[in-house]
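What follows is a short report on a single structure.
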């Protein structure tokens, strides 16, 4: 054990004695790990942001029914293009025949103008919802309250505002119980949703929620509708989806051999599609960046071979004084691994800073996970070990007499 520690100490002294060369040796590793850490951080941040955005829109405890399913080819699209529109009768069928269904909400949306006094926002997402909307976690009120079921059923002119709409129209003024106009119609503000942030530079707080019947007055009764269904328990969501499928097929008088003429989705459906579309791209991207580690390892191997050549007499003298083959191997491998890990640590710091800068200056989010840092440093240690084996073996196999003769 002492011999191993002595070899490690000698290796560290040799590295310190040639600081400039040591730094230039690990420059490739620094660049490689900087690239890997920053790319992985941006991918992780993007994945987390997409997941939050999907859960905010779709909800983790519900599923939706829409006119069209997900299509992956022109043939599938042609088959689905004549699917009937979602109607309130579909919602009633699911509510009536779904024993595992707790709540059913009809919903539609459109982009419209919202104004207060002399201020106007022209591209606010207007959501029209049915009375059951209060049962769904996608809606909340940080200030004030949600619209009540009675207000929605009776088509009262009330509105729940997104955080950004309230902030841009009212600033520091309390907006609760004040009146604004949506497409020229007057609505009373009853609540403000909590801030959700943005996704790739697109605000998730730029919306207003009004009763569906009021929405149809503004935009017509033939707008595209969707149904959101909440099961009685999250564990029974598959059963609730099966019941909803049977209810819709029965209400639409589909024969056993007829395909479903509607689409059914959960938040997991959209996440699966996202991961399927991007996982291959991300893997290739990380793989291409990781190739630079191989280049860094080759540089370390070449430098270590040069070190062996320069220190042949030193190695021969150590072996003549009793150093074993394992001692020489330990010394050379320690130099190689320490150099590589040093580059990994510096690269991790630079990569973290680069990811933070990209996140601050662009809409792309970044997320640094501890496991990615540990993996990055661990890989650099393995690279140093692997590419240091040949120079270390060459040094350990030197004949001490021949080594001492070398000028």
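Here, each number is a calculation from the coordinates, and none is a lab measurement. A quick note: this is a predicted structure, and the numbers were derived from the prediction, not measured. Ideal geometry is used to build each Cβ from the backbone, glycine not excepted, and the neighbour counts take in all protein chains shown.
Under 16 Å from a point placed 7 Å out from the Cα of residue 389 along the Cα-to-Cβ direction: which residues of segment 329-362 have their backbone N that close?
Flagged as within label range: 329-330, 332-334, 336-337.
For labels at residue 357 and residue 145 in the simple 7 Å Cα→Cβ model, what's the distance in nm?
Simple spin-label model gives 5.2 nm for this pair.
Roughly how tilted is helix 370-396, in degrees to the nearest 10 and between 0 and 90, from the longest Cα axis of the chain?
20
Based on the mean of other beta carbon atoms within 10 Å per residue, what is the order of 243-249, 266-272, most packed first?
Result, highest mean first: 243-249, 266-272.
Two-decimal Rg/Rh of segment 198-254 from alpha-carbon positions, Kirkwood Rh?
With Rg and the Kirkwood Rh in hand, the quotient comes to 1.11.
Set the Förster radius R0 to 45 Å, insert the Cβ-Cβ distance between residue 374 and residue 224 as r into 1/(1 + (r/R0)^6), and round the FRET efficiency to 0.05.
After rounding to 0.05, the efficiency reads 0.40.
Based on alpha-carbon positions alone, could you give the equivalent ellipsoid semi-axes of the chain from the gyration tensor, as √(5λ), descending, whole Å?
The answer is 66, 26, 16 Å, longest axis first.
How many nm separate the modelled label positions at residue 99 and residue 173, each set 7 Å beyond the Cα in the direction of the Cβ?
Rounded to a tenth, the inter-label distance reads 5.5 nm.
Would you list the P(r) distribution for segment 180-221, with all Cα-Cα distances sorted into 5 Å bins from 0 and each bin expressed as a whole %?
5, 17, 24, 19, 17, 14, 3
When a/c reaches 1.5 or more, the comparison of a/b and b/c decides; with that in mind, is segment 122-180 rounded, prolate or oblate per its Cα gyration tensor?
In terms of gyration-tensor shape, prolate.
Using DSSP, restrict attention to beta bridges with both residues in segment 84-261 and report what percent are antiparallel, rounded to the nearest 5.
75
Mind checking the log10 I(q)/I(0) for segment 98-156 at q = 0.13, 0.21 Å⁻¹? Debye, one equal scatterer per Cα, no solvent, two decimals.
-0.46, -1.01
Would you compute, from DSSP H runs of 4+ residues alone, the mean residue ellipticity of the chain at 222 nm, taking -39500 (n - 2.57) per run and dividing by the full residue count, rounded to the nearest 500?
Counting only the DSSP helices, I get -19500 deg cm²/dmol.
How long, wide and thick is segment 84-261, going by the Cα atoms along their three principal axes, in whole angstroms, largest first?
58, 36, 34
To the nearest 10 degrees, how steep is helix 325-361 against the longest Cα principal axis of the chain, on a 0 to 90 scale?
Between helix and principal axis, roughly 30 degrees.
Where does each of 326-336, 123-133, 150-160, 66-76 land if you order them by average Cβ count within 10 Å, highest first?
Those peptides, ordered most packed to least, come out 326-336, 123-133, 150-160, 66-76.
By count of other Cβ within 10 Å, fewest leading, how are 51, 194 ordered?
Fewest to most other Cβ atoms nearby, the residues stand as 194, 51.
By how many degrees, between 0 and 90 and to the nearest 10, does the Cα long axis of helix 267-310 differ from the longest principal axis of the chain?
10
Report, in whole Å, the centroid distance computed from the Cα atoms of segment 32-48 and segment 95-153.
Taking the Cα centre of segment 95-153 as reference, the centre of segment 32-48 is 37 Å away.
Grab the beta carbon distance between residue 194 and residue 255, set R0 = 41 Å, and tell me the FRET efficiency rounded to 0.05.
0.30
Between residue 273 and residue 324, take the C-beta separation as r, use R0 = 60 Å, and let me know the FRET efficiency to the nearest 0.05.
0.50
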